[in-house]
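Below you'll find the structure, written out as structure tokens, and then a few comments.
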Amino acid sequence: YSSTPLTLQSINPKVLKCEYAVRGEIVSLAQKIQEELQAKPGSHPFDEIIYCNIGNPQSLGQQPITFFREVLALCDHPSILDKSETQGLFSADSIERAFQILDQIPGRATGAYSHSQGIKGLRDTIASGIEARDGFPANPNDIFLTDGASPAVHMMMQLLISSENDGILCPIPQYPLYSASIALHGGTLVPYYLDEATGWGLEISELKKQLETAKSKGTKVRALVVINPGNPTGQVLAEANQKEIVDFCKKEGLVLLADEVYQENVYVPDKQFHSFKKVARSMGYGEKDISLASFQSVSKGFYGECGKRGGYMEVTGFSPEIREQIYKVASVNLCSNISGQILASLVMSPPKVGDESYESFSAEKDAILSSLARRAKTLEDALNSLEGVTCNKAEGAMYLFPRICLPEKAIKAAEAAKTAPDAFYARCLLNATGVVVVPGSGFGQVPGTWHFRCPILPQEDKIPFIVFRLTEFHKGFMDQYRD
């Protein structure tokens, strides 16, 4: 390709700098092995790849929520609504909801473009859902419907970053979307370290320290990213801690970027989810006191509709002039996909008591969330039983992020293989068991510590098998590299 116009030296250096570990080197190797297994069964010491690299519930066997899919099907093929047999196949409330949604869509066509912020009637529904959740007013004009939460994050980074002198405070460990997005838009990631010893606690003193360090280097910090519940760390912030964070952003003049996509995923009775907007409003901060963008997605929670690419961003505390610029950026993408928009409205306005679907919907939701809680506990206990492994409790989200103390011999072997020690461990695990995990180095970690992220998403009947394979592998690995 020496005569073709693009080389690694001539493409945008920001693209080269961008990395996204959850679909990185280990996953590429897993896909190669999967092809080998299909072409030649028995070519590896396992017969399937178990993808524990990404929060992708339906790929691992989780079934979609019936009510959501009934409404989607009826909206996508509205001629079914006129057929007599539809009454027997679909619940009455899903039929009613489909009629309501179609009446809000120009031309009643899910194949048409919508308003760049999303269909107004669906934004009305989402705003009502936010009000019901928080107890404070929500404005549909503050809502931008997006293809999952990721494009909303990119939109805010485009708005905030004008050069590498602009910094974004970001948790370490973090979801690599943030480091990748900051790199792509040419900014500087300003890390703040979560405290593993206190269950991945977020200390205000750490935020202040990192902010001052960044300022001393000439970096202008524009925003603070908070992921709650945490990814990859699984902690749920206490409300008192959230108030401290809001005060910090107010005092320092920072935009608060609140990743709240796991708001339904809380597994411990002593914690509950509070949105940052609710916390800010409960403190008496209004529209002109603090700038906040909060992100929600249909990919997580109990719904797991990753492939439908639905989500939204609620932006408050921005001047009308800035809002126009956000709208302009949204308009460049024309609009988000309509199926995702419909799902976002359903997630924020599910069946209510008295609706025909309410009992089956509640049963499906409770079964998924209670199973996730059990899976988290089983995997957490198994990981903590392994030599040299410690794992904090998963209070929420969909992941465990165990710390692994690797023997010096293994670290030397990783150096010889020109890879990070936790990536070396993950590669060995994949080659021996077919289980795919993402090394902690892809999320960021305290230097000299090693981790991996393990989703709790494989179906419950597969968990004992994963635990067995992981336990056997780990024993063999530690014996092989024992100092």
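The values are calculated or read from the model by the stated rules, or taken from the named source; none is laboratory data. A quick note: this is a predicted structure, and the numbers were derived from the prediction, not measured. We place every Cβ from the backbone using ideal geometry, glycine too, and count neighbours over all the protein chains shown. These accessible areas exclude ligands, DNA and RNA; they are computed on the full protein's heavy atoms, side chains included. Shrake-Rupley method; radii C 1.70, N 1.55, O 1.52, S 1.80 Å.
For the reader, a short list of remarks on this structure follows.
- Flag for residue 380 being open to solvent by 10 Å² or more (accessible area, probe 1.4 Å), within 21 Å of the chain's Cα centre (by Cα), within 14 Å of residue 200 (Cβ to Cβ) and without any contact (Cβ under 8 Å) to a residue 60 or more places away in the chain: yes
- Condition met for residue 356 (charged (D, E, K, R) and in a strand (DSSP E or B)): no
- Within region 264-277, tally of residues that are buried (at least 24 other Cβ atoms within 10 Å of the Cβ) and touching a Pro at 6+ places or on another chain (Cβ under 9 Å): 1
- Residues within region 44-70 that are over 17 Å from residue 346 (Cα atoms), aliphatic (A, V, I, L, M) and at pLDDT 80 or above, tallied: 2
- If the condition is being at negative phi, open to solvent by less than 10 Å² (accessible area, probe 1.4 Å) and among the aliphatic types (A, V, I, L, M), then region 395-409 contributes 398, 400, 404.
- The set of residues in region 78-120 being over 28 Å from residue 329 (Cα atoms), outside any helix (DSSP H, G or I) and touching a Pro at 6+ places or on another chain (Cβ under 9 Å) consists of 91 alone.
- Restricting region 214-230 to residues that are part of a loop (DSSP other than H, G, I, E, B) and open to solvent by less than 10 Å² (accessible area, probe 1.4 Å), the residue that is farthest from residue 402 (Cα to Cα): 228
- Residue check: residue 315 meets all listed conditions (1) in a helix (DSSP H, G or I); (2) open to solvent by less than 10 Å² (accessible area, probe 1.4 Å); (3) at pLDDT 90 or above but one, namely (1).
- Test for residue 126: is it part of a helix (DSSP H, G or I), in contact with a Pro (Cβ under 8 Å, 6 or more places away or on another chain), assigned by the TED database to the domain that holds residue 144 and aliphatic (A, V, I, L, M): yes
- Matching residues in region 396-418 - criterion: being in contact with a strand residue (DSSP E or B) (Cβ under 9 Å, 6 or more places away or on another chain) and in a loop (DSSP other than H, G, I, E, B): 397, 398, 401, 402, 405
- Filter result (touching a Pro at 6+ places or on another chain (Cβ under 9 Å) and open to solvent by 40 Å² or more (accessible area, probe 1.4 Å)) within region 159-190: 175
- Summed over region 328-353, the residues that are at pLDDT 90 or above and either of a type outside the set (D, E, K, R) or assigned to a helix (DSSP H, G or I) (or both) give a count of 14.
- Of all the residues in region 278-296, those that are open to solvent by less than 40 Å² (accessible area, probe 1.4 Å) and closer than 17 Å to residue 144 by Cβ number 6.
- Pairs where the first residue, in region 326-355, is surrounded by fewer than 17 Cβ atoms within 10 Å (Cβ to Cβ) and aliphatic (A, V, I, L, M) and the second is in a loop (DSSP other than H, G, I, E, B) and modelled with pLDDT under 90, C-beta under 9 Å, 6+ apart: 332/116; 334/113; 334/114; 334/116
- Within region 356-372, the residues that satisfy the criterion of being surrounded by fewer than 17 Cβ atoms within 10 Å (Cβ to Cβ) and either modelled with pLDDT under 90 or hydrophobic (A, V, I, L, M, F, W, C) (or both) are 363, 367, 369.
For (1) of a type in the set (Ser, Thr, Tyr); (2) assigned by the TED database to the domain that holds residue 294; (3) in contact (Cβ under 8 Å) with a residue 40 or more places away in the chain; (4) closer than 18 Å to residue 444 by Cα, each residue gets a yes or a no:
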position	(1), (2), (3), (4)
173	no, yes, yes, yes
184	no, yes, yes, yes
191	no, yes, yes, yes
200	no, yes, yes, yes
208	no, yes, yes, no
222	no, yes, yes, no
229	no, yes, yes, yes
238	no, yes, no, no
243	no, yes, yes, no
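- Against the numbered list (1) crowded, with 19+ Cβ neighbours inside 10 Å; (2) more than 27 Å from residue 240 (Cα to Cα); (3) hydroxyl-bearing (Ser, Thr, Tyr); (4) not assigned by the TED database to the domain that holds residue 173, residue 299 comes up short only at (4).
- In region 420-447, the qualifying residues are those that are in contact (Cβ under 8 Å) with a residue 40 or more places away in the chain and assigned to a loop (DSSP other than H, G, I, E, B), and the one that is farthest from residue 42 (Cα to Cα) is 446.
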